[in-house]
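Scroll down for the structure; my scribbles are underneath it.
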Amino acid sequence: MKIAIVGTGYVGLVTGTCFAETGNIVTCVDIDKSKVEKLSGGQITIYEPGLENIFLRNIKEGRLKFTTQLEEAVADAEIIFLALPTPPGADGSADLKYVLGVADHLGKVLKGYNVIVNKSTVPVGTADKVKAAIAKNYQGEFDVVSNPEFLREGVAVDDFMKPDRIVVGTRSERAKKIINDLYEPFVRQGNPIIFMDESSSELTKYAANSFLATKISFMNEIAQLCERFGADVDMVRCGIGSDDRIGKRFLFPGIGYGGSCFPKDVQALIKSSDEAGYDFEILKAVEKVNAIQKLHLVEKIKEYYSNQIQDKHFAIWGLAFKPNTDDIREAPALKIIDALTEAGATIKAYDPEAMPNVKFHLGDRIQYANNQYEALENADALIIATEWSEFKTPNFGLMEKLLKQKVVFDGRNIYKNDHLLEFNFIYRSIGRSSV
Ligand code: NAD
């Protein structure tokens, strides 16, 4: 099939590359000229494990192209995917200007029947708005389908190639058949393509992300209780996780959820609910708990130094909002950096992939290390903000030598207390006793 992908960011690039990998001819469009130039030249623009190989192979084999021209991309496409940003507007609702702007443009360039598939996370009712925006200028036949994306950055290629489920919102039998054929190679193991109406599909994405964010905030509150009761959150986590109804995943406390999805999607669902006359109380609490949790480690640091951190120098390991990505949108590490530098501390940070993005945003407000150990030199303490695998079994002997003081503040609970005790470290983590 011939496919156009509009928006070539984390979702668009993975989507386009994976569709090319199953034999489709894909053209990705983006308004960012430098991004398109790099991609056309075979230079990948995001860090996503496993993506580069298939990206290069599909360019070489002529199935994957990039352009800045919407008209060129959709000229002979049968299916047009929208993978555009839906950032929070000033009031927290999803800003649809990118999606509706492209829909408006599509109305001027469509020829013949097309299926326009929306992968962006959008509020209920957006499919109708997209339809109306296209129909303003285009009288031909077309269908607008909702197909929310569930890939996780860091494992996006696997998630796309072997999805747990594919959710498709459409009431058009014609569009349903086309989408079913397109996705068939991705569900050969029997995972479902779940067809439903557009509104249910749009809401499914918000419900999924909001539920996951709720799980995180719930565990962060349990961790707060553990600290007060002298209980161990790891034990509680294992104790509840073995109940199938609860499940073992997503029960890790930490320094709050971040990333480009959970914060904005929780906000947007709260806003949509308000507009519908419903007060979504749990979600409001989820947001509030998350805001507190993002600064919980900073509170621990300030408490340890009796609020005197103006002359302290910290090493930070991890800047990305989670491991295996270079994405720093809403990353808890950035909140920690802000709070500590505002209080007068200095910071040297290391992240395996996210440092270029942080340099772009923070410039020389902090220093950057070439490797994890260099960050430790002369630091008063190490702060762990992202649980990259390479931080999990470090050379504690070397850490001991490099740090000025043997103090670790771990926002991701990656070490066991006993281990740190062996090396006489002072160790503060989340929801567990201090050593
Ligand atoms: P992104 O910011 O990485 O990518 C969006 C791309 O769209 C950018 O490259 C931007 O230049 C481009 N763009 C903006 N306006 C354009 C236009 N008029 N024409 C062509 N391109 C244009 O965003 P993302 O993370 O890929 O997210 C896209 C959507 O998918 C959002 O709604 C998001 O909520 C949703 N989503 C994201 C993820 C994720 O993990 N990142 C997962 C599931 C769903």
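The values are calculated or read from the model by the stated rules, or taken from the named source; none is laboratory data. If you're wondering where the values come from, they're calculated on a predicted model, not measured in any experiment. Cβ sites come from the backbone with ideal geometry, for glycine too, and all protein chains shown count toward neighbours. Note: accessible area is taken over every heavy atom of the protein model, side chains too, but ligands, DNA and RNA are not part of it. Shrake-Rupley method; radii C 1.70, N 1.55, O 1.52, S 1.80 Å.
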Q: List the number of the failed condition for Ile194; all other conditions in (1) of a type in the set (A, V, I, L, M); (2) surrounded by fewer than 19 Cβ atoms within 10 Å (Cβ to Cβ); (3) part of a loop (DSSP other than H, G, I, E, B) hold.
A: (3)
(Q) With the structure loaded, tell me whether Asp265 is away from the ligand (no atom under 16 Å from the Cβ) and at pLDDT 95 or above or whether it fails that test. (A) no
Q. When the residues of region 149-185 are filtered to those that are small (Gly, Ala, Ser) and under 26 Å from the mean Cα position of the chain (by Cα), which remaining residue is nearest to the ligand (Cβ to nearest atom)?
A. Ala156
(Q) For region 373-400, give me the residue count where each residue is within 19 Å of His313 (Cα to Cα) and open to solvent by 20 Å² or more (accessible area, probe 1.4 Å). (A) 6
Q. If you scan region 265-302, which residues turn out to be of a type in the set (D, E, K, R) and touching a Lys or Arg at 6+ places or on another chain (Cβ under 9 Å)?
A. Asp265, Lys294, Lys300
Q: Specify the residue that is most open to solvent (accessible area, probe 1.4 Å); the eligible residues are those in region 35-59 that are within 10 Å of the ligand (Cβ to nearest atom) and β-branched (Val, Ile, Thr).
A: Thr45
Q. Could you count how many residues in region 292-310 are open to solvent by less than 80 Å² (accessible area, probe 1.4 Å) and either in contact with a Cys (Cβ under 8 Å, 6 or more places away or on another chain) or in a helix (DSSP H, G or I) (or both)?
A. 9
(Q) Given (1) open to solvent by less than 30 Å² (accessible area, probe 1.4 Å); (2) of a type in the set (Lys, Arg); (3) part of a loop (DSSP other than H, G, I, E, B), identify the lone condition not met by Arg171. (A) (1)
Q) Which of the residues belonging to region 8-34 are open to solvent by 10 Å² or more (accessible area, probe 1.4 Å) and either β-branched (Val, Ile, Thr) or near the ligand (Cβ under 6 Å from one of its atoms) (or both)? A) Gly9, Tyr10, Val11, Thr22, Ile25, Thr27, Asp30, Ile31, Asp32
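Residues are listed down the side, and each one gets a yes or a no for (1) within 28 Å of Ser172 (Cβ to Cβ); (2) among the β-branched types (Val, Ile, Thr):
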position	(1), (2)
Val36	no, yes
Thr45	no, yes
Lys60	no, no
Glu71	yes, no
Lys97	yes, no
Lys108	yes, no
Asn114	yes, no
(Q) Would you confirm, using the coordinates I've provided, whether Leu340 is open to solvent by less than 10 Å² (accessible area, probe 1.4 Å), in a loop (DSSP other than H, G, I, E, B) and modelled with pLDDT of 95 or more? (A) no
Q.
Anything in region 345-365 that is open to solvent by less than 10 Å² (accessible area, probe 1.4 Å) and either over 18 Å from Gly259 (Cα atoms) or in a loop (DSSP other than H, G, I, E, B) (or both)? List them, or say none.
A. Ala345, Ile347, Ala349, Asp351, Ala354
Q | Single residue of region 202-239 satisfying the filter (within 16 Å of the ligand (Cβ to nearest atom) and either of a type in the set (Val, Ile, Thr) or assigned to a loop (DSSP other than H, G, I, E, B) (or both)) that is farthest from Ala285 (Cα to Cα) | A | Thr204
Q: Could you run through region 240-257 and say how many residues are away from the ligand (no atom under 16 Å from the Cβ) and either under 23 Å from Phe409 (Cβ atoms) or exposed (fewer than 12 other Cβ atoms within 10 Å of the Cβ) (or both)?
A: 11
Q: Check Val266, Val289 and return the single one that is open to solvent by less than 60 Å² (accessible area, probe 1.4 Å), closer than 27 Å to Thr214 by Cα, out of contact with any Leu (no Cβ under 9 Å at 6 or more places or on another chain) and among the hydrophobic types (A, V, I, L, M, F, W, C).
A: Val289
Q.
Here is a list: Ser260, Ser272. Which entry is within 16 Å of the ligand (Cβ to nearest atom), surrounded by fewer than 23 Cβ atoms within 10 Å (Cβ to Cβ) and at pLDDT below 95?
A. Ser260
